[in-house]
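Structure first, commentary second.
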Amino acid sequence: MRTITIEEILRRYKLGYKEFKGVQVESGSFANKKLWHVYFDGSVMQNCNFRRAIFEKCSFSATILRGSDFRGANLAKCDLRGADLREANLRGVDLSGVDFRWANLEGVDLTSSIIGGANFEGTNLKNACLRGADPGKLWWKANLKKAKLDGTILPDGTVFEIIPTNDTP
């Protein structure tokens with residue numbers, strides 16, 4: 001895995017380069033930047049600053065984004081399949097149409113985010129907070145198959161709890 005700075009990514013992006021797969025991102029900030037159709041699949045981007053950035057239709061599949069700050073960002077239609085977002089801040093983020101299949105969002109704060117059309121199949125949402133999130137008109141169609149929801153706070157403030165059964169010996 002090669003190490004690259006955010007400044008180098010932004011410089012190359014201006015030159016038309018859009019593939020940064022499998023990189024280790026070091027230092028800098030994406031805050032207030034606009035990038036479309038960029039591929040970061042399999043990268044490590046821990047503790048990066050994405051505040052108010054626009055990253056529409058980008059791919060972060062299997063990317064480690066732990067501890068990153070996305071407050072106020074636009075990630076509409078991004079591919080975040082299998083991404084590790086634990087400890088990331090996703091408050092007030094446009095996540096409409098995002099593919100979160102099999103991603104780890106354990107303990108993530110999605111307060112006031114737009115989550116309409118997002119695919120949460122197999123996603124770990126344990127202890128995640130979706131309070132005040134805008135699920136859009138089709139929330140009832142959200143794919144939560146095999147999602148881990150114990151302790152999750154739903155958009156209406158309801159806490160989803162797994163009730164243990166007494167069937168175990």
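Data table
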| item | result |
| --- | --- |
| Order of K18, K77 - criterion: other Cβ atoms within 10 Å of each residue's Cβ, fewest first | K18, K77 |
| Among the listed pairs K33/K57; K33/K126; K18/K126, those beyond 25 Å (Cα-Cα) | K33/K126; K18/K126 |
| ³J(HN,Hα) computed for each position of region 94-106 - Karplus, 6.51 cos²θ - 1.76 cosθ + 1.60, integer Hz, glycine/proline x | 7, 10, 5, x, 6, 9, 9, 3, 6, 7, 10, 10, 4 |
| Neighbour-count ranking [beta-carbon atoms within 10 angstrom, fewest first] of R66, R101, R11 | R11, R66, R101 |
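Read-outs throughout are calculated quantities, based only on the coordinates presented, and are distinct from any laboratory measurement. All of these numbers come straight from a predicted model, not from anything done at the bench. Positions of Cβ are backbone-derived with ideal geometry, glycine not excepted, and every protein chain shown enters the neighbour counts.
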